[in-house]
Amino acid sequence: MQNDNMNNHIHNDSNESSSSTSVAPVLRPHTGGDVRWEAINSVISRDGEIGLSHFRLLKRIGYGDIGSVYLVELRGTNAYFAMKVMDKASLASRNKLLRAQTEREILGLLDHPFLPTLYSYFETDKFYCLVMEFCGGGNLHTLRQKQPNKHFTEEATRYLTIKLLYIGVKSISVEHSLIAHELLPSLSMIIWSVEVLANYFLENA
């Protein structure tokens, strides 16, 4: 019942002409060319800000101690995001405002393919909202629970390990270009070797 009430409050707040403060996104190197950045930036360029009224709430996909997470669509685009919505009054009553602020600041600094991207942040009179990457594939723990005997086969484990290593090594060349330049021959060989292994297990999975 409490979640239904929050859904109604969010819908009502998105339809009201309440004040909204938004923060323009900062492009992240590892998400270069991401159409979601283009969608966010086009709205901000057109309207000067972004807020709840720009999004269509589709369904609630998760919740935690300080907020609920919704699958949302940016209106007029085919861009989907995960939006974490935090009720200001609830945060204040439980002394969680600093925690919410810290979470936003940390997400704003992160740029890594293993972590969800923060595309934008805004607040209304009632809510703090984080617009993040929607990871439609779910999480590894849930996937493991669906496997026979709740564990991965040796082949699946080998494939996942190689893919994670490949993504991690690739991110080094993007995030630390100066270091990568000094280690270019060795790093290029590592990336090539891991990519070959990843492709092999992908084709033979």
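Readers should treat all values here as calculations from the given coordinates under stated rules, not as data from a laboratory. Since the model is a prediction, treat every value here as computed from it, not as a measurement. Glycine also receives a Cβ, built like all others from the backbone with ideal geometry; neighbour counts cover every protein chain displayed.
Near residue 137, within a Cβ-to-Cβ distance under 14 Å, what is the net charge of the other residues, with Lys and Arg +1 and Asp and Glu -1? Show your work: numbers first, answer last.
Values: positive: 144, 146, 163; negative: 133.
So the surrounding residues net to +2.
For residue 160 and residue 45, calculate 0.36 nm times their separation in residues minus their Cα-Cα distance, and state this gained length in nm to one decimal.
Difference between extended and current length: 37.4 nm.
Please list, by residue number, every one of the chymotrypsin sites (Phe, Trp or Tyr not before Pro) in the range 85-175 that is coil in DSSP and has at most 13 other beta-carbon atoms within 10 Å.
Those satisfying the criteria are 114.
Figure the gain on full extension for residue 95 and residue 143 (residue separation times 0.36 nm, minus the Cα-Cα span) and round it to one decimal in nm. Present the calculation step by step, with values, prior to reporting the outcome.
Working: separation 48, 0.36 × 48 = 17.28 nm, distance 3.48 nm.
Net length gain for the segment: 13.8 nm.
Below 19 Å, Cα to Cα, which lysines can residue 84 reach? Residues fewer than 8 away in the same chain don't count.
Of all the lysines, those that pass the test against residue 84 - Cα under 19 Å, at least 8 places apart if same chain - are 59, 96, 126.
Using packing as a proxy for protection, rank 139-150, 60-71 so that the peptide with the highest average count of other Cβ atoms within 10 Å comes first.
Descending mean neighbour count gives 60-71, 139-150.
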